[in-house]
Amino acid sequence: MEALNKSFFLFLASRPSLDRFAKRWGSKFGADKIVGGETFEHAVPLIQNLNSQGLRVTVDHLGEFVASEAEARERTLECLQSIRMISAHDLNSQLSLKVTSLGLDINPELVWENMIQIMDEAVKHDVFVTIDMEDSSRTQATLDLYKALKKKYNNIGTVIQSYLYRSDQDLDDLNEVKPNLRLVKGAYKESAKVAFPDKSDVDHNLKLLIKKHLLNGNYTAIASHDDAIIQYTKELVREHGIAKDQFEFQMLYGMRSERQLELLAEGYTVRVYMPYGNDWYGYFMRRLAERPANIAFALNGLFKK
Ligand SMILES: Cc1cc2nc3c(=O)[nH]c(=O)nc-3n(C[C@H](O)[C@H](O)[C@H](O)COP(=O)(O)OP(=O)(O)OC[C@H]3O[C@@H](n4cnc5c(N)ncnc54)[C@H](O)[C@@H]3O)c2cc1C
């Protein structure tokens, strides 16, 4: 049943045609509990509130289905604006972005130009940028882009997904640029040709990747709500004497808020991933796919005033 739910919501996530309905009814389905508002201005007080509790943030302007060069340039301007707003409001926040929204599927030169503009602005305002990882058809292009950008800029990271068979090799290939990586299980619908079908293998592989990346001496963001992964990391860093400034825990906005504060109280760095914007449909559907309890949470939102 759980596998069926997951496939169903991941299928819906890949249907841009349902987007318009979602934008209209989204807040009724609880989207506003996990999205920081429609504009960056809406997100600012929420980020300030998290910062005042000691939580760091990474903001993501939602959007993944761009069809034209003009749209990709618009998304680039939005990223530039977010960087300026982070700086103007003195927010403790990084920026996360998706390279398909900047034109990855349209033209490699376009996405490179857009990323250069974003990175130049990010350097100017001392803002760190993470390239989110999307589905496996984009993994190689995203990692190639990341590697080239990392040779030019220090303030950039990307994401490795433990459900992919290739990820251990990717970690080795990236190591020459001393990558700053967010390690996750992976959120997209993937076939058994490229990804572990069993959750226990995905969990096990995440532990292996965390261990390898930390012992390589690289900065690591452990992005998971899973207590077993968090506990594993705590024991690993203790055993190997890894300093607390070499890693951080990351969780999604609106998920496990109390756990975030507990980790903070234990002296760990905790960062909250806050998406904003009205193009939240794919993001919301992936969250429903991950956790059946989120369905109850969404329906609860539907029946509340
Ligand atoms: C900051 C951040 C950034 C991410 N970026 C990307 C990305 O760029 N690309 C990508 O593919 N994926 C990304 N993801 C999503 C990620 O790949 C997983 O799909 C998602 O985090 C679910 O896996 P999990 O490790 O959190 O726990 P799961 O495997 O979903 O759950 C494991 C256990 O954790 C507990 N748990 C999980 N969620 C909750 C909850 N809300 N409340 C209480 N208990 C809970 C439950 O006990 C559950 O059984 C990101 C996730 C985070 C947190």
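The values are calculated or read from the model by the stated rules, or taken from the named source; none is laboratory data. A quick note: this is a predicted structure, and the numbers were derived from the prediction, not measured. Cβ sites come from the backbone with ideal geometry, for glycine too, and all protein chains shown count toward neighbours. Surface areas here come from the heavy atoms of the whole protein model, side chains and all, with no ligands, DNA or RNA. Shrake-Rupley method; radii C 1.70, N 1.55, O 1.52, S 1.80 Å.
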- Could you list, in sequence order, all residues of the stretch 228-245 that are away from the ligand (no atom under 12 Å from the Cβ), open to solvent by 70 Å² or more (accessible area, probe 1.4 Å) and under 21 Å from residue 204 (Cα atoms)? 235, 238, 239, 240
- With 151, 189, 147, 193 as the choices, which residue is open to solvent by 60 Å² or more (accessible area, probe 1.4 Å) and not in a loop (DSSP other than H, G, I, E, B)? 151
- Message: Taking the condition of being more than 13 Å from the ligand (Cβ to nearest atom) and open to solvent by less than 20 Å² (accessible area, probe 1.4 Å), how many residues in the stretch 96-128 meet it?
- Response: 10
- Listed by first then second residue, the pairs whose first member lies in the stretch 219-238 and is assigned by TED's automatic domain parsing to the domain that holds residue 254, whose partner is at pLDDT below 95, with beta carbons under 9 Å and at least 6 positions apart or on separate chains, are 223/252; 225/252; 225/255; 225/256; 225/290; 225/291
- The one condition residue 288 fails out of (1) in a helix (DSSP H, G or I); (2) at pLDDT below 70 is (2)
- Message: Which numbered condition in (1) under 17 Å from residue 130 (Cβ atoms); (2) open to solvent by less than 50 Å² (accessible area, probe 1.4 Å); (3) in contact with a Ser or Thr (Cβ under 7 Å, 6 or more places away or on another chain) is the only one that residue 56 fails?
- Response: (2)
- Residues of the stretch 231-284 being assigned to a helix (DSSP H, G or I) and polar (S, T, N, Q), which ones? 231, 233, 246, 257, 260
- Task: Please determine, by comparing only the residues of the stretch 254-275 that are near the ligand (Cβ under 9 Å from one of its atoms) and in contact (Cβ under 8 Å) with a residue 40 or more places away in the chain, which one is surrounded by the most Cβ atoms within 10 Å (Cβ to Cβ).
- Result: 272
- Message: Regarding the stretch 111-124, can at least one residue be identified that is closer than 22 Å to residue 190 by Cα and in contact with a helix residue (DSSP H, G or I) (Cβ under 8 Å, 6 or more places away or on another chain)?
- Response: no
- Residues in the stretch 196-225 that are open to solvent by less than 40 Å² (accessible area, probe 1.4 Å) and either in a helix (DSSP H, G or I) or acidic (Asp, Glu) (or both) total 8
- Scan the stretch 129-139 residue by residue and report those that are open to solvent by less than 20 Å² (accessible area, probe 1.4 Å) and assigned to a helix (DSSP H, G or I). 139
